[in-house]
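Here the structure is laid out as structure tokens; the discussion comes afterwards.
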Amino acid sequence: MSAYVRNVWYMAAWAGEVPEGGFLARTLLDRKWLLWRESAGGWSMIEDRCPHRFVPLSRGKFADGRISCGYHGLTFDGTGACVHNPFGGDLPSSARVTSLPVVEAHGGLWFWPGNPDKADPAAIPDFGFIDAGSPVDRTAYVMGVPYELIADNLLDLSHAEFLHVDSFGTNGSLFSHGAQKVEQDDSGAMWNKWDMIGAPPPGWATAMIGEGATVDQTLHIRWHAPASLALFITMARSDSAEPLIPPLANPHILTPETSRSTHYFFTHAPGEAEAAQARRVFLEEDEPMVAAQAEAMGDADFWELKPLILASDKAAVLARRKLMQMRKAEAVG
Ligand code: FES
Ligand SMILES: [Fe+2]
């Protein structure tokens, strides 16, 4: 059985990461790929490995939507077909590299590693909120941990009360006032919703709303297979429902680089302070903890370790189960 679900859209990159007139080389799902924008519109994605002597095509020359191998000059277009053989003569049909369907949506480039006949762009999760509000910076990190562990982390927001106490901890109110609901919606998404109604405000909000007043907070995370998540946060006065912060909506889109490393795509408000805050939360708080977790688990299978399951793990467990079902279904056909 494949280590990854195949018949699903994964995000390869933000479109803005691909240099104008050039290509982006990136490892995704354990294989190396090239992505570029076609001058006639649309995108191409082909494997970064020449079928002749297997050197990376990214070491060659790229021009006008074609890449020439830097070793012996075979040239490939965006469909993966060999369109030039400097030695002349007929080439076998194997003179091509794998190409994958790739579609731009919401500023991201989404690829489909499974059966291309099933690649329906309508199934790309809706991240339209990214451009619906104030401008944002799109960011990508590589985290040296398996994507499943980052998805678990995001699907259980209660960790904010311990790991993010200083950055965006909910002041203990997740436990004193929180109610959790796990729901599915018509888009195939699963939601883990924490609502904290009538909770004591964080310190900075007390000055705004006065002593004794309370706040209603919501922390909602949405998951689409395999690990395309979105986080929605609101905070309002309990008495008037007046928002105390603008509603926050952030993508947290995970794509395996390898089985042990993950491309993490997200956005933050423009500016160095906001970038630094995001780095602090994800790279200084989440990543070291999840990396230590991965090290402690070693090569063991998550379930074989018999993890203790808490009520707050429901969404993460359902997501893992759904991915396993999808992989099993793909394995049988
Ligand atoms: S290795 Fe690419 S053309 Fe020979
Ligand atoms: Fe976190």
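In this structure, is SER176 within 30 Å of ALA292 (Cβ to Cβ) and out of contact with any helix residue (DSSP H, G or I) (no Cβ under 8 Å at 6 or more places or on another chain)? Taking the combined requirement at face value, the residue satisfies it.
No other residue among ASP126, ASP166 is within 16 Å of ligand 2 (Cβ to nearest atom) and either more than 30 Å from VAL55 (Cβ to Cβ) or not assigned by TED's automatic domain parsing to the domain that holds HIS220 (or both) apart from ASP166.
Output the number of residues of the range 1-19 satisfying the condition of being touching a Lys or Arg at 6+ places or on another chain (Cβ under 9 Å) and either in the same structural domain as VAL142 (by TED's automatic domain parsing) or at pLDDT 95 or above (or both). Of the residues in that region, 11 qualify. Only one of the listed residues (LEU244, LEU305, LEU310) is closer than 21 Å to TRP194 by Cβ and loosely packed, with under 15 Cβ neighbours inside 10 Å. That residue is LEU310.
This table checks each residue for (1) assigned by TED's automatic domain parsing to the domain that holds LEU155; (2) surrounded by 14 or more Cβ atoms within 10 Å (Cβ to Cβ); (3) within 30 Å of ALA13 (Cβ to Cβ).
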{"residue": "TRP191", "(1), (2), (3)": "yes, yes, yes"}
{"residue": "PRO201", "(1), (2), (3)": "yes, yes, no"}
{"residue": "ALA207", "(1), (2), (3)": "yes, no, no"}
{"residue": "LEU231", "(1), (2), (3)": "yes, yes, yes"}
{"residue": "LEU254", "(1), (2), (3)": "yes, yes, yes"}
{"residue": "GLU257", "(1), (2), (3)": "yes, yes, yes"}
{"residue": "HIS263", "(1), (2), (3)": "yes, yes, yes"}
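Only one entry of ARG66, ARG59 meets the criterion of being within 28 Å of the chain's Cα centre (by Cα) and on the phi < 0 side of the Ramachandran plot, and that entry is ARG59.
A quick yes/no check of all residues on (1) over 26 Å from ASN7 (Cα atoms); (2) within 14 Å of ligand 1 (Cβ to nearest atom):
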position: SER39; (1), (2): yes, no
position: TRP43; (1), (2): no, no
position: ILE46; (1), (2): no, yes
position: ARG49; (1), (2): no, yes
position: ARG53; (1), (2): yes, yes
position: LYS61; (1), (2): yes, yes
position: PRO86; (1), (2): yes, yes
position: ASP90; (1), (2): yes, no
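Which one is farthest from ARG96 (Cα to Cα) among residues in the range 63-79 that are touching a residue at least 12 places away in the same chain (Cβ under 8 Å) and more than 9 Å from ligand 1 (Cβ to nearest atom)? My answer is ASP64. Only a single criterion out of (1) within 16 Å of ligand 1 (Cβ to nearest atom); (2) farther than 17 Å from ALA140 by Cα; (3) under 27 Å from the mean Cα position of the chain (by Cα); (4) of a type in the set (A, V, I, L, M, F, W, C) is not satisfied by VAL5, namely (1). Taken over the range 157-189, the criterion of being among the hydroxyl-bearing types (Ser, Thr, Tyr) and within 30 Å of TRP9 (Cα to Cα) is satisfied by SER158, SER187. Would the range 279-295 turn up any residue that is in contact (Cβ under 8 Å) with a residue 24 or more places away in the chain, away from ligand 1 (no atom under 16 Å from the Cβ) and over 18 Å from HIS252 (Cα atoms)? Yes, because at least one residue in the range 279-295 is in contact (Cβ under 8 Å) with a residue 24 or more places away in the chain, away from ligand 1 (no atom under 16 Å from the Cβ) and over 18 Å from HIS252 (Cα atoms).
The values are calculated or read from the model by the stated rules, or taken from the named source; none is laboratory data. Just so it is clear, the model here is predicted, and its values are computed rather than measured. Methodologically, a virtual Cβ is constructed for each residue, glycine included, from the backbone with ideal geometry; neighbour enumeration extends over all protein chains shown.
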